[in-house]
Amino acid sequence: MHGLYLLVPLAPLLGAILAGLFGKWLGRAWSHRITIALVAVSFFASVTIFADVQAGHIFNGSVYTWLTSGDARFQVGFLIDNLTVTMMLVVTFVSLMVHIYTIGYMEEDPGYQRFFSYISLFTFAMLMLVMANNFMQLFFGWEAVGVVSYLLIGFWYTKETAIYANLKAFLVNRVGDFGFLLGIALVLMVFGTLDYATVFANAAGHAADMAPIPGMSVNLLTAICILLFIGAMGKSAQFPLHVWLPDSMEGPTPISALIHAATMVTAGIFMVARMSPLFELSDTALSFVMVIGAITALFMGFLGIIQNDIKRVVAYSTLSQLGYMTVALGASAYSVAIFHLMTHAFFKALLFLAAGSVIMAMHHDQDIRNMGGLKKYMPITWITSLIGSLALIGTPFFSGFYSKDSIIEAVELSHLPGSGFAYFAVIAGVFVTAFYSFRMYFLVFHGEERFGKARHDHYQDTHGDHADEEATAHHHGLAPGQKPHESPWVVTLPLILLAIPSVFIGYFTIEPLLFGNYFKDAIYISTVHGGMAELAEEFHGALPKVWHALGELPVWLALSGVVTAWFFYMKRPDIPSAIQKRFHSIYTLLDNKYYFDRFNDWFFAGGARGTSRLLWKFGDVTLIDGIMVNGTAKLVGLFSGVLRRLQSGYIYHYAFSMIIGVFVLLTVRNWF
């Protein structure tokens with residue numbers, strides 16, 4: 001079985017190496033066959049390991065020691081338990097669907113083999129992260145997914161907007177990762193090891209300790225947890241480190257599904273759940289996590305309302321749903337967060353891939369204002385998009401309902417500081433999510449056919465002179481009289497396979513994942529935090545949960561969001577325009593994304609440039625060149641000029657100098 005553990009991450013790595021280094025000789029067909037086959041091997045190996053874990057076989061051990069420094073040992077090892085295998089199944093299945101989908105979506109792209117190499121490498125990095133049994137390997141996977149996401153977001157490296165987006169993602173993640181690295185360093189300093197099991201076993205003994213931070217009086221475990229969570233804020237795009245994720249839509253659509261549904265952005269959620277033995281010992285850290293998640297869930301949802309790029313609408317819904325997961329973590333409902341992570345991975349990957357199918361049909365026009373009436377041209381994309389949207393808004397019987405409703409209940413039962421605001425945010429977010437999701441759905445698939453006419457240009461609107469289509473190989477938008485058509489089977493098959501769990505997986509897994517013993521050895525919850533215990537008492541089955549929810553506020557808020565979107569955009573499209581004019585200042589605030597990007601560009605980027613100019617003008621030009629180099633040369637020249645006048649070559653000058661010298665010496669001697 002140990003060989004099988006190694007096979008799971010190494011199979012995608014082998015595919016990445018073969019497609020990346022030998023893709024030119026393998027050709028397009030063999031590149032995708034090899035990478036898809038090896039990711040499929042990883043998926044089926046994960047299924048086998050899942051069955052073995054369900055039989056009671058949990059593994060925690062090292063594969064080899066990478067480095068020894070003093071008493072610290074840095075090892076590569078695996079922790080295979082229910083939390084790990086759940087993530088392995090989600091990552092490998094969604095990755096497999098994305099690999100298949102890519103055959104159709106990237107068919108004409110010149111970087112075809114390179115793209116398959118990147119997404120396989122990304123899968124390897126994510127698997128190393130979730131399978132780690134120590135902080136060092138966790139950090140390796142953490143940084144590896146960051147590096148590969150940089151390559152994927154900037155895949156079309158001739159587009160200035162793509163280069164800006166991948167640099168922005170990389171730099172923002174470095175901010176979070178700096179906190180993450182400090183947290184890991186603090187763990188090593190205090191515990192003397194990076195092994196999960198040893199750290200968790202000894203954590204309670206340090207609950208009252210103060211962090212060894214000069215000039216500050218902070219509880220040790222609070223400091224460790226907040227520093228680790230700062231890393232999660234970067235990876236999982238939490239406020240205020242959320243700014244990179246919407247711009248990352250500049251990459252090809254398949255990576256949006258892979259990075260922003262099941263893998264990179266969920267790494268932070270997984271990490272906090274894995275660190276539950278630490279977080280449970282700090283209510284301050286849990287409150288911090290909950291409030292950050294609540295701000296992200298609500299305020300990022302507001303931004304989704306005004307977006308016109310189909311991928312950006314889905315991207316902001318990802319930000320909002322990550323906020324929901326983070327709120328659940330803060331409420332000590334770790335299993336609920338992982339449950340929503342799993343259901344969200346399926347329906348969000350479905351929505352991203354469906355958006356890509358629409359973009360293909362629209363000849364890479366992404367503006368939803370140029371669409372409409374696509375239902376009759378793209379029936380499979382339409383029905384799968386509807387399923388994904390219904391799951392996203394928490395419609396009863398769909399997978400998103402069970403996980404999202406459980407988050408709201410868990411937050412309601414929490415008594416930590418900030419839980420009241422968090423409950424308001426997740427409740428209000430239900431209406432907001434339903435409104436922007438079905439605004440997109442109605443504008444894309446129903447109503448007037450707006451394609452082939454005078455078009456809005458999303459790229460010109462948002463990028464000005466850098467306007468460019470998503471794939472340079474394609475014409476941007478449908479020509480007059482041209483009609484869209486359904487995507488090929490390599491695109492629609494993953495949509496169908498993702499739609500199935502988007503409907504059913506919540507119903508069949510809620511009881512064992514949340515209220516059984518599924519996570520008993522992987523997640524620790526303190527008896528002080530009794531929210532999950534109360535939830536278990538109130539739960540009487542998946543079907544009764546639906547009947548109970550029909551009388552609760554969230555379901556009716558979701559329904560009202562759908563009805564409002566239908567009325568505004570199907571019946572009275574003049575109302576949104578009137579609201580925009582009436583509340584122009586609010587619209588401007590949302591359109592500028594709360595001015596975070598402008599502030600970052602002015603304060604951080606502009607500050608860095610200003611500091612660089614100061615160091616250049618004063619430090620380099622004035623201090624180093626002006627004083628140290630040129631100043632020294634001038635001083636030596638001046639001194640040499642004086643000495644040169646004394647070295648005249650005339651004997652009587654030297655005799656006169658000697659007489660004056662003797663006179664001075666005698667005067668000094670007699671004076672003193």
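Computed quantities for the displayed model
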item: Residue within the range 80-95 that is within 19 Å of M275 (Cβ to Cβ), part of a strand (DSSP E or B) and open to solvent by 10 Å² or more (accessible area, probe 1.4 Å) present; result: no
item: Verdict on A45 being closer than 30 Å to D81 by Cα, of a type outside the set (K, R), in a helix (DSSP H, G or I) and open to solvent by less than 30 Å² (accessible area, probe 1.4 Å); result: yes
item: Meets criteria (in contact with a Ser or Thr (Cβ under 7 Å, 6 or more places away or on another chain), of a type in the set (V, I, T) and farther than 20 Å from L298 by Cβ) for I383; result: no
item: Residue match in the range 521-544 (condition: assigned to a helix (DSSP H, G or I) and of a type in the set (V, I, T)); result: no
item: Those residues of the range 133-180 which are in contact with a Phe, Trp or Tyr (Cβ under 6 Å, 6 or more places away or on another chain) and part of a helix (DSSP H, G or I), in sequence order; result: M136, V148, Y150, L151, L152, A162, N166, K168, A169, F170, V172
item: Among (1) more than 20 Å from S335 (Cβ to Cβ); (2) surrounded by 19 or more Cβ atoms within 10 Å (Cβ to Cβ) - the single one L543 does not satisfy; result: (2)
item: Unique match (being open to solvent by less than 10 Å² (accessible area, probe 1.4 Å), in a helix (DSSP H, G or I), within 19 Å of V327 (Cβ to Cβ) and out of contact with any Ser or Thr (no Cβ under 7 Å at 6 or more places or on another chain)) among G183, G231; result: G231
item: Members of the range 199-220 that are out of contact with any strand residue (DSSP E or B) (no Cβ under 9 Å at 6 or more places or on another chain), in a helix (DSSP H, G or I) and without any contact (Cβ under 8 Å) to a residue 60 or more places away in the chain; result: A201, N202, G205, H206
item: Some residue of the range 163-180 being surrounded by fewer than 19 Cβ atoms within 10 Å (Cβ to Cβ), more than 17 Å from the chain's Cα centre (by Cα) and under 24 Å from L241 (Cα atoms); result: yes
item: Close pairs from the range 327-339: first over 14 Å from A522 (Cβ atoms), partner outside any helix (DSSP H, G or I) and not charged (D, E, K, R), Cβ under 6 Å, at least 6 apart; result: A331/S414; S332/I525; S332/H529
item: Test: residue in the range 382-391 that is on the phi < 0 side of the Ramachandran plot and touching a Gly at 6+ places or on another chain (Cβ under 7 Å); result: yes
item: Hits in the range 58-74 - residues which are open to solvent by 50 Å² or more (accessible area, probe 1.4 Å) and either under 27 Å from the mean Cα position of the chain (by Cα) or closer than 21 Å to F200 by Cα (or both); result: I58, N60, S62, V63, T65, D71, R73
item: Residue list for the range 560-576, filter: free of Cβ contacts under 8 Å to residues at least 60 places away in the same chain and over 33 Å from the mean Cα position of the chain (by Cα); result: F567, K571, R572, P573, D574, I575
item: Long-range neighbours under 8 Å by Cβ, at least six apart or interchain, first residue touching a residue at least 12 places away in the same chain (Cβ under 8 Å) within the range 538-559, second open to solvent by 100 Å² or more (accessible area, probe 1.4 Å); result: F539/E511; G541/E511; A542/F508; A542/E511
item: Flag if R28 is surrounded by fewer than 24 Cβ atoms within 10 Å (Cβ to Cβ), charged (D, E, K, R), in contact with a helix residue (DSSP H, G or I) (Cβ under 8 Å, 6 or more places away or on another chain) and more than 17 Å from A125 (Cβ to Cβ); result: yes
item: Counted residues, the range 409-431 - those being in a helix (DSSP H, G or I) and either open to solvent by less than 10 Å² (accessible area, probe 1.4 Å) or of a type in the set (S, T, N, Q) (or both); result: 8
item: Index of the failed condition, G606 passing every other in (1) farther than 20 Å from L167 by Cβ; (2) open to solvent by less than 90 Å² (accessible area, probe 1.4 Å); (3) at pLDDT 80 or above; result: (1)
item: Inter-residue pairs, beta-carbon under 9 Å, first free of Cβ contacts under 8 Å to residues at least 12 places away in the same chain and in the range 59-71, second outside any strand (DSSP E or B) and open to solvent by less than 80 Å² (accessible area, probe 1.4 Å), 6+ apart; result: L67/M136
item: Count of the range 108-132 residues which are over 18 Å from V63 (Cβ atoms), in a helix (DSSP H, G or I) and among the small types (G, A, S); result: 2
item: Candidate set: the range 486-540, residues that are touching an Asp or Glu at 6+ places or on another chain (Cβ under 8 Å) and of a type in the set (S, T, Y); chosen: the one most open to solvent (accessible area, probe 1.4 Å); result: Y524
item: Members of the range 372-385 found to be at pLDDT 85 or above and in a loop (DSSP other than H, G, I, E, B), listed by number; result: Y377, M378
item: Leading residue by the ranking (nearest to G70 (Cα to Cα)) among those in the range 186-197 that are in contact with a strand residue (DSSP E or B) (Cβ under 9 Å, 6 or more places away or on another chain) and in a helix (DSSP H, G or I); result: L188
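The values are calculated or read from the model by the stated rules, or taken from the named source; none is laboratory data. Values in this document were obtained by computation on a predicted structure and should not be read as measured data. For neighbour counting, all protein chains shown are included, and Cβ atoms are generated from backbone atoms with ideal geometry for every residue, glycine included. Ligands, DNA and RNA are stripped out before the accessible areas are found, and what is left, the full protein with its side chains, is counted by its heavy atoms. Shrake-Rupley method; radii C 1.70, N 1.55, O 1.52, S 1.80 Å.
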